[in-house]
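See structure below.
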Amino acid sequence: MTIPEAAVFDVEQGLMELPGEPARWIWAFTCPTPECECRTAIVLCVEGSRETLVERGRPVADAWLAGGPHGHAAGRLRGVTAFAVDLDTRELFPPEGDEPLDASAQPEVRAVADRLDDDVLDAIARVWCQAKGKRLPANPGSFGSKIEVEGWRPGDRVIWEDAQRSLRGDTYVFGDRVFEAVELYCVEPECACGEVIVHFGPLISPGSPHPGHVELDGQEATLHPTHERLRERLSELWTAYRARHPRYRERIARRSAAMHGLAGRIVAAPPKPEVGRNEPCPCGSGRKFKKCCGAA
């Protein structure tokens, strides 16, 4: 599922084969507007070959290339399973509209959505970047360089996204609350503990309580809520995490090995220099620090 990092985007880069049986292809179309940060992709799928999908999905490709309403075109297709998926939350939607889709009432959609694993969604996320003319983020520590992690000290676990390239978030929606799962790994060279922490925190609502974390040690998973009243929410999040990553132990073992491979390259980031209140803000806005990021 290698997608070339070409400067000119080809709409057929969204064509990819799903893992598993029976053999099926999908065609993913992300939002083409560069300034739009929406994270949904329209997915088309048919029973049959890649050529059949290209033939039936061509009206959507033509609408996308013309800057027209490709979601509307997708909704009008016949003989094609069409839906939209959020790359971070994995929520499903109809090709048009923002009301969540009840996939349980549409088994053909559920059958395709259940095969959108991490590799497929990462591939669609690469298409998202390229369709918007964005460069794919570089891996921290490319070419064997040191990986600087803010506040890190020897013995600390390291967040996966601080050391590895990540194209998607792992977010969970519960009503009006959105939570993010963050995995922390041991990077000690000689350690064989195998312990991993999956931390769940609020993503949108600042000041909302953190439900807590789950500690994985071998076959054991121990819930550590930040407060006993949050145990139920932490349990719900852990259940959702396992449903999303049914082979989560394999995923974590693979990631743990990758993080151990970075042992010796993780270093503490140098402290940020203090900025005077009347100095230019380091964010590059051109405003004084006290009127920008340093505002109370």
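The values are calculated or read from the model by the stated rules, or taken from the named source; none is laboratory data. Given the structure is predicted, the values throughout are model-derived calculations rather than measurements. Using ideal geometry, Cβ is built from the backbone for each residue, glycine included, and neighbour counts are taken over all protein chains shown. Quick note on the areas: whole protein, heavy atoms, side chains included, nothing else; ligands and nucleic acids left out. Shrake-Rupley method; radii C 1.70, N 1.55, O 1.52, S 1.80 Å.
Structure above, values below:
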| read-out | value |
| --- | --- |
| One residue from Ala74, Ala23 being in contact with a helix residue (DSSP H, G or I) (Cβ under 9 Å, 6 or more places away or on another chain) and more than 27 Å from Arg177 (Cβ to Cβ) | Ala74 |
| Some residue of region 120-129 being open to solvent by 20 Å² or more (accessible area, probe 1.4 Å), touching a residue at least 40 places away in the same chain (Cβ under 8 Å) and not in a strand (DSSP E or B) | yes |
| Residues satisfying the stated conditions in region 19-35, i.e. aliphatic (A, V, I, L, M) and open to solvent by 10 Å² or more (accessible area, probe 1.4 Å) | Ala23 |
| Criterion: open to solvent by 70 Å² or more (accessible area, probe 1.4 Å) and touching a Cys at 6+ places or on another chain (Cβ under 8 Å) - qualifying residue of Arg110, Arg165, Arg157 | Arg157 |
| Sole exception among (1) open to solvent by less than 50 Å² (accessible area, probe 1.4 Å); (2) at pLDDT 90 or above; (3) more than 10 Å from Ile124 (Cβ to Cβ); (4) not small (Gly, Ala, Ser) for Cys38, by number | (2) |
| Residue match in region 105-117 (condition: farther than 30 Å from Asp162 by Cβ, β-branched (Val, Ile, Thr) and in contact with a Ser or Thr (Cβ under 8 Å, 6 or more places away or on another chain)) | yes |
